[in-house]
Amino acid sequence: MPGTLRDCLYGQAVADALGVPFEFKRRGTFTCSDMVGYGSHGQPAGTWSDDTSMSLAICDSYRELGHLDCEDIRARFCAWYRDDAYTVDGLFDIGGATARALDQGHGCAGPRDNGNGSLMRTVPLAFTDATDSEVRAVSAITHAHRISTEACVRMVHIARALAAGEPFERAIPGCADLSAREPSQVPSTGFVEDTFNAALWCLTTTSSYEECACAAVNLGDDTDTTAAVAGALAGIVYGIDGIPREWLEKLRGKDVIERCLF
């Protein structure tokens, strides 16, 4: 059965919440094997972060309007940033480029503005009718450099192929080379290309949602975002029924997610 937006969003939110307590921790200094709380951001177990909030803002805009409207999406991002919309208990984390872009009213376009802040919210766009140009425009609300916008386009193509049931080898360009990498060859920093490759590595070197999500968190560093992207893809591949039931039960803010589905 093809993956759905619901599979994707729950896959993202659960993995995001798994990663939140471990953000900024160095690889090898911890082990994530279950949904726990507090840690890096002091949040209760099951709390997802900005990664999922921004995805939900995009989905809610599309749900209401029936098409992608970057000004409306920007307004919803600002409602999240300033008024805690699309959160469980309020905003507790935001990337520097994202905050700067929302404050200044346009995306950041310098070569150093290629964090993963637009990639982290991109996978759900696979379930819209977005063209490549529209995907670039949604990225450019905050991250307008070509490295970021093109990573988002590539990720949407991969997500659509996975949702259509394509095997990894056909859905993911360079899959064999990527999956053959040793963990030491898979950086998990906040650079967009690192997150892109790390998420796909986790997906292609594991065989279940649980394994993929934990592998992403255990790479360390930007744990919530690597896991959010990997989890969104794994949600598409394995479906919501493939997510451990106890993790879904611990997930907070399910009502917020449900309101944004289309």
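No lab work stands behind these numbers, since they all come straight from the coordinates. Worth saying up front: this structure is predicted, and the values here are computed from it rather than measured. Here Cβ is always computed from backbone atoms with ideal geometry, including for glycine, and neighbour counts include all displayed protein chains.
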* polar (S, T, N, Q) and within 19 Å of the chain's Cα centre (by Cα): does that describe Ser33? -> no
* Asked: Name the pairs whose Cβ atoms lie under 7 Å apart, with the first residue in the range 91-120 and touching a residue at least 12 places away in the same chain (Cβ under 8 Å) and part of a strand (DSSP E or B), the second of a type in the set (S, T, N, Q) and buried (at least 18 other Cβ atoms within 10 Å of the Cβ), and 6 or more positions between them or separate chains?
  -> Cys108/Thr142
* Asked: Name the pairs whose Cβ atoms lie under 7 Å apart, with the first residue in the range 153-168 and touching a residue at least 24 places away in the same chain (Cβ under 8 Å) and within 9 Å of Ala126 (Cα to Cα), the second assigned to a helix (DSSP H, G or I) and among the small types (Gly, Ala, Ser), and 6 or more positions between them or separate chains?
  -> Val156/Ala126; Ile158/Ala171; Ala159/Ala126; Arg160/Ala126; Ala163/Ala126
* Scan of the range 95-107 for residues that are crowded, with 19+ Cβ neighbours inside 10 Å and under 22 Å from Asp224 (Cα atoms), ordered by number -> Gly95, Ala97, Thr98, Ala101, Leu102
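Conditions (1) charged (D, E, K, R); (2) closer than 18 Å to Lys254 by Cβ; (3) crowded, with 24+ Cβ neighbours inside 10 Å, marked per residue:
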position	(1), (2), (3)
Arg6	yes, yes, no
Arg26	yes, no, no
Val36	no, no, no
His41	no, no, no
Ser49	no, yes, yes
Cys70	no, no, no
* **Search result, residues across the range 216-229 that are aliphatic (A, V, I, L, M), within 21 Å of Arg154 (Cβ to Cβ) and part of a helix (DSSP H, G or I)** => Ala216, Ala227, Ala228, Val229
* Hey, among Ser133, Ser61, which residue is over 20 Å from Thr226 (Cα atoms), surrounded by 24 or more Cβ atoms within 10 Å (Cβ to Cβ), among the hydroxyl-bearing types (Ser, Thr, Tyr) and out of contact with any Ser or Thr (no Cβ under 7 Å at 6 or more places or on another chain)? -> Ser61
* Determine whether Asp84 is on the phi > 0 side of the Ramachandran plot and either surrounded by fewer than 20 Cβ atoms within 10 Å (Cβ to Cβ) or free of Cβ contacts under 8 Å to residues at least 60 places away in the same chain (or both). => yes
* Structure fact -> Across (1) touching an Asp or Glu at 6+ places or on another chain (Cβ under 6 Å); (2) farther than 28 Å from Thr131 by Cβ; (3) not in a helix (DSSP H, G or I), Leu68 clears everything bar (2)
